[in-house]
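To start, the structure under review is shown below, and the notes come after it.
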Amino acid sequence: MALAEMLAVVPAGSDEEALLRRIDFARLPRHVAIIMDGNGRWAASRHLPRVEGHRAGIEAVRSAVESSARLGIPVLTLYAFSVENWKRPDTEVSALMGLLKHYLRLELKSLLRNNIRFKAIGRLERLSEDIRIELREAEARTAANTGMLFNIALSYGGRAEIVDAARQLIREGIAAEDVDESAFAARLYTADQPDPDLLIRTSGELRVSNFLLWQIAYAEIWVTDALWPDFRTRHLLEAIVDYQRRERRYGAITAATAGVGKA
Ligand code: IPE
Ligand code: IPE
Ligand code: MG
């Protein structure tokens, strides 16, 4: 059971334990999506090169993936590299790609141990062949896993994804009158996955930066000032507790918002 599994790994009497006990495990978000931001600022505040911030961010990735899987969250998507991030200096891009490769090699065992299914989403054809080989290997080796689905968004752009879905519909010769929201969603990289219920962004920035634009239509947004390398299980639990306090209305009127006797 998720609560027992989590209690076994958090220190007794800790903030994490108190947060865990407030979570309703019957109402977990079905999909948590995270914009991992602030690595550069984390490094700058320590007078380190930006790449050291990215390196430190790996520990936060590990923590987010393992905690989400233990909690029983069905889908986790991490935004690791956007289509716009190709505009960064070559040295930073290659450092990021090197770290990605290192992460994949090191973490594959842990993904397998935790029954996690891995999937890369984005314009992957822009990645170098060696990275694509690692990604395919991780996807293939974890394909039969039945636990959490872990999407990593790489060379990813929400607008690019929507354009790709439109191209796919045209290629398949789908008639205009058959193009509806479900036909569209079925051609996105996240076809067959639930939309994110909870969108987390670190480092205090209040924007979505081209992430899962279609899918976050009704996501609840939670922003923390914590920089990504400092993100730990406690932040994830705080986000879930906050998410569970919210009333989701999807444009309708609910008991709490309908004033008595008002039109
Ligand atoms: C997030 O950290 C990692 C990526 C976007 C690849 P940043 O590198 O954006 O860090 P800041 O925003 O400059 O602090
Ligand atoms: C968003 O962060 C992209 C990723 C986390 C991969 P950025 O740092 O690239 O976004 P902006 O530039 O602040 O919008
Ligand atoms: Mg940033």
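What follows is calculated from the coordinates using simple rules that are stated; it is not laboratory data. Computed from a prediction, not measured in an experiment: that's the story for all the values here. Heads up, the Cβs are rebuilt from the backbone with ideal geometry, glycines too, and the neighbour counts pull from every protein chain shown.
List of remarks:
- For the chain, modelled as a GNM whose springs connect Cα atoms under 10 angstrom apart, the maximal fluctuation among SER68, SER94, SER155 occurs at SER94.
- For LEU198, the residues whose amide H sits under 5 Å from its own are HIS31, ALA33, GLU220, ignoring neighbours fewer than 5 places away on the same chain, with H placed 1.01 Å from N.
- Region 151-187 and region 77-102: distance between their alpha carbon centers, rounded to Å: 24
- Positive-end ranking of GLY98, ALA166, PHE184 along the dipole of the chain, with charges on Cβ about the Cα centre, is headed by GLY98.
- At most 13 other Cβ within 10 Å, DSSP loop - trypsin sites (Lys or Arg not before Pro), region 178-263: ARG207, ARG246, ARG248, ARG249, LYS262
- Residues of type aspartates and glutamates that LYS119 reaches as a straight line, Cα spacing below 16 Å, ignoring anything fewer than 8 places off in the same chain: GLU66, GLU107, GLU134, GLU137, GLU139, GLU161, ASP192, ASP195
- Span-like helix check, the chain: qualifying full DSSP H segments, with Cα axial length of 30 Å or more and mean Kyte-Doolittle of 0.0 or more, are 90-113.
- Relative contact order (percent, whole number), the chain, Cα cutoff 8 Å, 6+ residue spacing: 27
- Within the listed set PRO29, PRO89, PRO49, the residue fluctuating most in the Gaussian network model of the chain (springs between alpha-carbon atoms under 10 angstrom) is PRO89.
- The convex hull of the Cα atoms of the chain, projected and averaged over all directions, covers 17.6 nm².
- At most 13 other Cβ within 10 Å, DSSP loop - chymotrypsin sites (Phe, Trp or Tyr not before Pro), region 176-232: TYR218
- Ellipticity estimate at 222 nm from DSSP helix runs (n ≥ 4, -39,500 (n - 2.57)) divided over the chain, nearest 500: -13500 deg cm²/dmol
- Sites count as exposed loop sites when they are GluC sites (Glu not before Pro), lie in a DSSP loop, and have at most 11 other Cβ atoms within 10 angstrom; the longest stretch of the chain without one is 1-171.
- Cα-based equivalent ellipsoid of region 109-171: semi-axis lengths in Å, sorted from largest, via gyration tensor: 25, 14, 10
- Residues whose placed amide H lies under 5 Å from that of VAL223, excluding near-sequence neighbours: ARG201
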